[in-house]
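Read through the structure below, which is laid out as structure tokens, and then see the notes.
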Amino acid sequence: MAKEMMAKSVAKDSSGAARAAGAELPGREMTGAEMVLEVLADQGVKHLFGYPGGAVLPIYDAIFQQKKVEHILVRHEQGAVHAAEGYARSTGKVGCVLVTSGPGATNAVTGLTDALMDSIPLVCITGQVPTHLIGNDAFQECDTVGITRPCTKHNYLVKRIEDLPRVLHEAFYVASSGRPGPVVVDIPKDIQFAKGNYFKPKEFQHQGYKPRLKGDPDKIKAAIELMGKAKRPLFYTGGGIINSGNAASERLRELVKLTGFPITSTLMGLGAFPASDPHWLGMLGMHGTWEANWSMHDCDLMICIGARFDDRITGRLDAFSPGSKKIHVDIDPSSINKNVKVDIGIIGDCAHVLDDMLRIWRASAPQVDKKALAAWWQQIDKWRARKSLSYKNSNSIIKPQYAIQRLYELTKDRDTYITTEVGQHQMWAAQFYRFDEPNRWMTSGGLGTMGYGLPASVGVQLAHPKSLVIDIAGEASVLMTMQEMSTAVQYRLPVKIFIINNQYMGMVRQWQELLHGGRYSQSYTEALPDFVKLAEAYHAVGIRCEKPGDLDGAIHEMIKVDKPVIFDCVVDQNENCFPMIPSGRAHNEMILGDAGESVEDAITEAGKVMV
Amino acid sequence: MNKNMSSTSHYPAAPVLQGVEVHTLSVIVDNEPGVLARVIGLFSGRGYNIDSLTVSETEHQKHLSRITIVTRGTPMVIEQIKNQLDRLVPIHRVVDMTVAGPHIERELAMVKVRGKGDHRQEALRLADAFRARVIDATTESFVFEITGASDKIESFVALMLPLGLVEVSRTGVVAIARGPEGM
Ligand SMILES: Cc1ncc(C[n+]2csc(CCOP(=O)(O)OP(=O)(O)O)c2C)c(N)n1
Ligand SMILES: [Mg+2]
């Protein structure tokens with residue numbers, strides 16, 4: 001249905017039929033460039049991440065002449081998009097980006113794809129060559145709408161000034177409603193110069209695209225009935241809860257308390273339910289906990305809310321939770337029955353559906369099978385007793401897990417936001433940093449983009465100037481967008497880049513150990529920069545720590561500094577991330593760090609072709 | 001364009017517009033996944049117009065499809081369209097039927113008309129005159145099948161409008177050259 005709707009909206013758009021509802025206020029004449037700023041202000045945008053160039057000069061001129069929107073000058077357009085993602089994910093607002101045509105737009109593509117995969121609401125305005133030159137291979141021309149079609153939720157090329165106010169407002173509506181995502185508005189330079197009538201629509205709507213918020217009441221009733229009878233139930237939740245807003249997290253907490261069911265979450269959903277609560281089983285999936293994955297495998301009722309049965313979660317599909325009935329709540333109809341056939345699919349917004357679930361559960365007061373539930377919890381406690389996250393600590397060398405554990409202990413009582421790069425450190429962060437609130441955890445889940453964390457932390461810090469913002473980084477990833485340190489310094493954003501430095505692309509090294517006979521092809525970085533000096537070169541502060549005994553002191557020092565910090569935490573180079581479900585295996589075939597089975601034997605030939 | 005532009009922009013000003021022409025192109029392509037997306041992407045990315053586009057595999061052994069595109073633009077733009085199409089790797093040949101010589105263009109439409117009494121009689125009479133066939137009928141409706149050049153279909157549809165036109169489904173234009181030679 002969503003796809004159909006998008007197709008429809010495209011058709012509608014070309015005929016200019018989508019319209020803002022409500023009476024149109026009398027317009028004011030201004031240029032297209034001024035309209036851009038007017039729309040941003042009307043949408044309540046405070047910060048715009050961008051980088052100038054020939055095709056957006058009129059917009060930069062308009063920026064210069066106003067005060068409502070602050071422009072944050074990044075050092076690379078990918079950084080602008082990730083910063084906007086961090087901003088959006090930590091606030092629940094739409095993140096905004098402005099880049100020039102051609103290379104500006106192509107540099108933004110990685111970030112846009114990242115935002116699409118993780119359902120992050122963004123509006124990205126791109127400059128375009130003047131309309132009469134489109135298609136001519138003009139200087140810095142690229143087919144932006146063509147290139148970004150598969151990596152945006154929707155995109156527009158505005159060829160008439162009359163369309164500009166509507167399209168821009170609509171972009172915000174499309175980005176933030178339904179399943180959120182990135183929207184590109186490509187504005188040719190002559191349209192930025194052209195004069196037109198600006199009016200602020202009273203209400204922002206789209207004729208074709210109207211995502212459904214309320215779930216089907218009969219299906220919700222049926223779901224509650226199944227929940228009332230379940231013997232081994234489990235909540236499996238994801239980023240949809242975070243996107244749905246604080247209300248969804250609150251309702252989820254209520255529902256877990258009311259039912260007493262155990263709960264696990266995907267990487268993207270961490271923080272929607274407090275990790276300190278006894279019902280929490282930890283993250284599930286490829287590097288999830290023993291108890292979370294075994295519960296998924298053995299449950300008799302799976303209640304999936306705002307998650308999408310990604311392959312990192314399900315493992316081998318034909319062995320995925322074979323004995324369970326499945327309920328799936330999602331705002332995107334195309335997510336339901338995509339990978340896993342479910343028994344009850346409820347299309348709707350998580351907060352709305354959870355609200356109804358709570359109401360119906362309370363009204364029907366089902367007689368739950370207390371004995372069965374107690375036995376289920378006993379079983380779960382046995383799995384928990386395996387302590388699947390345990391690792392062998394050391395006195396002489398910092399274990400990466402220990403580093404993150406200490407970071408957690410020393411920052412948990414503060415107002416802290418965590419971003420990550422991609423790799424082992426990301427998984428360890430997900431395992432060992434415990435989140436009690438939503439919007440505190442920003443990571444690249446779907447696309448797995450190395451280089452996400454540093455610029456994302458810049459965006460988060462900007463939105464939360466008084467908070468402690470830490471990028472848990474890998475030394476390889478962080479070099480991909482290191483240039484944004486310069487942005488952090490310019491805007492006095494005291495982000496802390498906490499590098500788990502194992503000198504390896506650790507996650508690649510781990511897979512090479514498991515799958516390719518320990519032939520560490522190109523995964524060792526021979527020439528790393530001196531991160532302390534690098535920090536200093538950026539006018540930031542550099543700290544290096546090499547001994548477990550020095551770690552607490554060094555972390556305290558990092559927290560105290562009111563400037564951006566690069567913390568070079570030198571850790572064991574050979575540590576692997578466990579537990580792990582090897583590719584091609586099922587949830588109950590997880591391997592542990594201390595397991596007798598060698599990891600190499602655990603992966604079948606068929607599993608090796610998967611990633 | 002805007003007067004401002006030439007002074008404040010580093011882009012050349014828009015050219016003075018030439019007359020717009022309609023051309024019909026026949027394109028032979030490998031019938032492989034994504035080929036239609038490449039053709040359509042070329043048109044949308046470069047801002048060319050598509051009036052109609054039809055496609056079907058025509059040589060099964062060789063997996064070749066024939067695409068017929070009706071497009072419009074200035075002579076220069078039409079020239080560009082042909083050259084840009086020719087540049088796509090899976091495209092074998094592009095022929096501009098409009099300039100290549102005498103050719104025939106046909107379109108098929110199905111036209112649904114709903115009505116009773118006089119209107120119904122009149123619809124049937126006109127259909128006969130246009131050599132449209134009745135391919136579905138109920139006591140209050142007809143579906144006519146009509147083939148011909150696009151303007152013939154246009155006039156038939158226009159005539160059906162006051163007689164209870166419900167909807168039209170059209171194939172778009174297909175074209176072939178007159179005479180013994182293939183393309
Ligand atoms: C842009 C990009 N290129 C390549 C990869 C593949 N990849 C995944 S993890 C990883 C290694 C990351 O190394 P590092 O940042 O040092 O983290 P570690 O695993 O050592 O903690 C690589 C190369 C990726 N995820 N993203
Ligand atoms: Mg590393």
Problem - Extent along principal axes [Cα atoms of region A:303-389; Å; largest to smallest] - result: 38, 37, 24
Handout entry: Span from the region A:213-275 Cα centroid across to the region B:72-90 one, whole angstrom
Key = 55
Exercise for the section: With r as the distance between the Cβ atoms of A:Asp277 and A:Lys563 and R0 = 45 Å, compute the FRET efficiency 1/(1 + (r/R0)^6) and round to 0.05. Expected result: 0.80
Exercise for the section: Could you size up the charge dipole of region B:104-175 around its Cα centre, putting +1 on the beta carbon of Lys and Arg and -1 on that of Asp and Glu, and report it in debye to the nearest 20? Expected result: 120
Problem - Estimated distance in nm for a label pair at A:Asp343 and A:Arg212, the labels positioned 7 Å out from Cα along Cα-to-Cβ - result: 2.1
Practice task
Rank B:Val166, B:Val95, B:Val157 by mean-square fluctuation in a GNM of chain B with C-alpha springs under 10 angstrom and give only the top-ranked residue.
Solution key: B:Val166
Practice task
Among B:Arg38, A:Arg406, rank each residue by its count of other Cβ atoms within 10 Å, from fewest to most, as a rough exposure measure.
Solution key: B:Arg38, A:Arg406
Exercise for the section: Would you please state the base-10 log of I(q)/I(0) at q = 0.14, 0.21, 0.25, 0.32 1/Å for region B:45-89, with intensities from the Debye formula using one equal scatterer on every alpha carbon? Expected result: -0.41, -0.80, -0.98, -1.17
Fill in the blank from the handout: With no solvent term and unit scatterers on the alpha-carbon positions of region B:104-175, Debye gives log₁₀ I(q)/I(0) at q = 0.15, 0.18 Å⁻¹ of -0.42, -0.59
Practice task
Using only C-alpha atoms and all pairs of different ones, pull out the Kirkwood radius for region A:424-561 in Å with one decimal.
Solution key: 16.1
Exercise for the section: Give the distance, in whole Å, between the Cα centre of region A:515-555 and the Cα centre of region B:110-166. Expected result: 78
Fill in the blank from the handout: For A:Lys229 and B:Asp128, extending 7 Å from Cα along the Cα-Cβ vector and measuring point to point gives, in nm, a value of 6.7
Completion exercise
For region A:263-314, the Kirkwood Rh over every pair of distinct alpha carbons, in Å, works out to 11.2
Handout entry: Per-selection metrics, region B:1-85 (Cα): Rg and Dmax in Å
Key = 16.7, 58
Problem - Cα principal axis extents for the protein assembly as shown, largest first, Å - result: 94, 67, 59
Completion exercise
Under the rule rounded for a/c under 1.5, else prolate if a/b exceeds b/c, else oblate, using alpha carbon gyration tensor axes a ≥ b ≥ c, region A:382-466 is classed as prolate
Practice task
Quick one: check the C-alpha center-to-center distance for region A:315-369 versus region A:417-490, whole angstrom.
Solution key: 31
Problem - Within chain A, longest stretch clear of exposed GluC sites (Glu not before Pro) (DSSP loop, no more than 13 other Cβ within 10 Å) - result: A:1-525
Practice task
Inverting the mean 1/r over all pairs of different Cα atoms, compute the Kirkwood radius of chain B and quote it in Å.
Solution key: 19.1
Handout entry: Taking A:Leu551, B:Leu85, B:Leu17 and counting other C-beta atoms within 10 Å, the order from fewest to most
Key = B:Leu17, A:Leu551, B:Leu85
Fill in the blank from the handout: Counted neighbours (other Cβ, 10 Å), sorted fewest up, put A:Ser521, A:Ser477 in the order A:Ser521, A:Ser477
Practice task
With label points built 7 Å along Cα→Cβ from the Cα atoms of B:His92 and A:Lys412, find their separation and express it in nm.
Solution key: 7.0
Handout entry: Ellipticity estimate at 222 nm from DSSP helix runs (n ≥ 4, -39,500 (n - 2.57)) divided over chain A, nearest 500
Key = -11000 deg cm²/dmol
Completion exercise
If every Lys and Arg gets +1 and every Asp and Glu gets -1 at its Cβ, then about the Cα centre the protein assembly as shown yields a dipole, in debye to the nearest 20, of 1540
Completion exercise
For the protein assembly as shown, the charge dipole (Cβ of Lys, Arg +1; Cβ of Asp, Glu -1; about the Cα centre) points to a positive end, and the Cα of A:Tyr236, B:Ser56, A:Val609 closest to that extreme belongs to A:Tyr236
Handout entry: Estimated 222 nm signal from helices in chain B, with DSSP H stretches of n ≥ 4 weighted -39500 (n - 2.57), rounded to 500
Key = -9000 deg cm²/dmol
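Here, each number is a calculation from the coordinates, and none is a lab measurement. Values in this document were obtained by computation on a predicted structure and should not be read as measured data. Because the Cβ atoms are built from the backbone with ideal geometry, glycine has one as well, and the counts that use them run over all protein chains shown.
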